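The values are calculated or read from the model by the stated rules, or taken from the named source; none is laboratory data. Note that the coordinates shown come from a computational prediction; the quantities given were computed from them, not determined experimentally. Reconstructed Cβ throughout: ideal geometry from the backbone, glycine too, with neighbour counts over all protein chains shown. Protein only, heavy atoms only, side chains kept; ligands, DNA and RNA dropped before computing areas. Shrake-Rupley method; radii C 1.70, N 1.55, O 1.52, S 1.80 Å.
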Amino acid sequence: MQIGMMGLGRMGANMVRRLMRDGHECIVYDISAASVKSLQDEGAIGAGSLEEFVQKLAKPRAIWLMLPAAITRRVADQVAALLDPGDIIIDGGNSYYHDAVDQAATLAHKQISFVDVGTSGGVWGLDRGYCLMIGGPDEAVKHLDPIFATLAPGPEQTSGPSDGEFGTAHRGYLHCGPSGSGHFVKMVHNGIEYGVMAAYAEGINILKSANAGKRPRPADAETSPLPTPQYYQFDIDLPAVAEVWRHGSVIGSWLLDLTAGALKDDPALESFGGRVSDSGEGRWTLKAAIDTGVPAPVLSAALFDRFSSQGESEFADKLLSAMRFAFGGHKEKPKDGS
């Protein structure tokens, strides 16, 4: 099957490679000519402009956008202006599901189908495949099934029941409902991801402090005492613990596999500064939780912790210190605790 891919970053380029491996014809375009040239050398058909990109696609055209959420809607409008009734635009980025609902309604007037595909798999998807959460009109989704089937992991990469009880879910892709539903499911997926990542990070950080009783502790009014230092005398091998948890543990997961690998390569994580970005999905998940009245304390705590890591708590922390000094004359200690 022929597919056009616009946006050849880490995921977009590897998706093209996976599709070509399975015999699909890929027309590719990106603002980076070098990215286009790289995939041309591997067998893709490159385009030097958006107009050329659209012209090289046979009707009905299927164009997959793999772009940052901030520009997806604008680019989708530009692409749609060059398309004909019956063509399909696929948004595989982490766009807000509201935008997908609105975009689909706008394009429906032009008889252009809009399919939103929440895509999970990251840089490992080339070999592992991508989990696809799909929203859009039935006919368009059915037309694209060969593309989804190639990009998804397939049943051999999954565990558990695989009898097709939930359609194609056991193969790693699912038509979740009308336009917007794919991005909604992926949005919540990423919100859960925030929470799971935070749980691993917090738990392993507690293990890191299991030897707190061995460390000198200032005896002053600004330091909480450790009343039972004899219970915190453990020098835990963090990479080893992460590794053993991978084997038979109830908290085992691919995310834990990656965590164990990171700790093995850099046990002190010296190559990281600790600023954790958020790309929007966590915020949108909490907004949906608020709108629908669904409690989400774990996901909200994980998101707010990311804000803190970005320095957004610094002013509040300074104000806390200012208040403590004002009412009790408490002088702020250095952040290293000395």
Point to revise | Qualifying residue in segment 23-36 (condition: more than 28 Å from the chain's Cα centre (by Cα) and in a loop (DSSP other than H, G, I, E, B)) | key: no
Check your understanding: Restricted to segment 1-40, and to residues that are surrounded by 16 or more Cβ atoms within 10 Å (Cβ to Cβ) and in contact with a Ser or Thr (Cβ under 6 Å, 6 or more places away or on another chain), which residue is farthest from Val141 (Cα to Cα)?
Key -> Leu8
Practice item. Could you give me the residue pairs with C-beta distances under 8 Å whose first residue belongs to segment 261-290 and is closer than 28 Å to Asp235 by Cβ, whose second residue is assigned to a loop (DSSP other than H, G, I, E, B) and aromatic (Phe, Trp, Tyr) wherever it lies, and which are 6+ apart or on separate chains? Key: Asp266/Phe272
Revision key, fill the gap. Residue pairs within 6 Å by beta carbon, gap of at least six or interchain, first lying in segment 186-210 and assigned to a helix (DSSP H, G or I), second crowded, with 19+ Cβ neighbours inside 10 Å and of a type in the set (Val, Ile, Thr), listed first then second, are Met187/Thr285; Val188/Thr285; Gly191/Thr285; Tyr200/Thr259
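When the residues of segment 86-136 are narrowed to those that are among the β-branched types (Val, Ile, Thr) and assigned to a helix (DSSP H, G or I), which ends up surrounded by the fewest Cβ atoms within 10 Å (Cβ to Cβ)? Give the steps one after another, and end with the answer.
Let us first name the residues in segment 86-136 that are among the β-branched types (Val, Ile, Thr), namely 88-90, 101, 106, 112, 115, 117, 119, 123, 134.
Imposing the further condition that a residue be assigned to a helix (DSSP H, G or I) reduces the set to 101, 106, 123.
Working: Val101: 19, Thr106: 15, Val123: 9.
Restricting to residues being among the β-branched types (Val, Ile, Thr) and assigned to a helix (DSSP H, G or I), the top hit is Val123.
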Point to revise | Sole exception among (1) under 25 Å from Pro297 (Cα atoms); (2) of a type outside the set (Val, Ile, Thr); (3) open to solvent by less than 70 Å² (accessible area, probe 1.4 Å); (4) in contact with a Gly (Cβ under 9 Å, 6 or more places away or on another chain) for Ala242, by number | key: (1)
Point to revise | Ile236 being under 21 Å from Gly261 (Cα atoms), among the hydrophobic types (A, V, I, L, M, F, W, C), in contact with a Lys or Arg (Cβ under 8 Å, 6 or more places away or on another chain) and not in a helix (DSSP H, G or I) | key: yes
Check your understanding: When you go through (1) in contact with a strand residue (DSSP E or B) (Cβ under 7 Å, 6 or more places away or on another chain); (2) over 21 Å from Thr106 (Cβ atoms); (3) open to solvent by less than 60 Å² (accessible area, probe 1.4 Å) one by one for Gly43, which number turns out not to apply?
Key -> (1)
Review point. On the given criteria, is Leu269 outside any helix (DSSP H, G or I) and surrounded by 11 or more Cβ atoms within 10 Å (Cβ to Cβ)?
Key: yes
Practice item. For segment 278-324, name all the residues that are more than 23 Å from Ser95 (Cα to Cα), not aliphatic (A, V, I, L, M) and not in a loop (DSSP other than H, G, I, E, B). Key: Pro297, Ser308, Ser309, Glu314, Phe315, Asp317, Lys318, Ser321, Arg324
Exercise for review: Could you tell me whether any residue of segment 143-165 is touching a residue at least 24 places away in the same chain (Cβ under 8 Å), open to solvent by 40 Å² or more (accessible area, probe 1.4 Å) and assigned to a loop (DSSP other than H, G, I, E, B)?
Suggested key: no
Review point. Which of the residues belonging to segment 116-132 are of a type in the set (S, T, N, Q) and closer than 19 Å to Asp22 by Cα?
Key: Thr119
Review point. Can you name every residue in segment 171-185 that is farther than 17 Å from Gly280 by Cβ and outside any helix (DSSP H, G or I)?
Key: Gly172, Tyr173, Leu174, His175, Cys176, Gly177, Pro178, Ser179
Point to revise | Unmet criterion (only one of (1) open to solvent by 40 Å² or more (accessible area, probe 1.4 Å); (2) in contact with a helix residue (DSSP H, G or I) (Cβ under 6 Å, 6 or more places away or on another chain)) for Ala316 | key: (2)
Revision key, fill the gap. Of the residues in segment 59-85 that are part of a loop (DSSP other than H, G, I, E, B) and in contact with a strand residue (DSSP E or B) (Cβ under 8 Å, 6 or more places away or on another chain), the one that is nearest to Val28 (Cα to Cα) is Met66
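Results for (1) among the hydroxyl-bearing types (Ser, Thr, Tyr); (2) at pLDDT below 95, shown as yes or no for each residue.
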residue	(1), (2)
Arg18	no, no
Asp30	no, no
Glu42	no, no
Lys56	no, no
Ala62	no, no
Asp84	no, no
Asn94	no, yes
Tyr97	yes, no
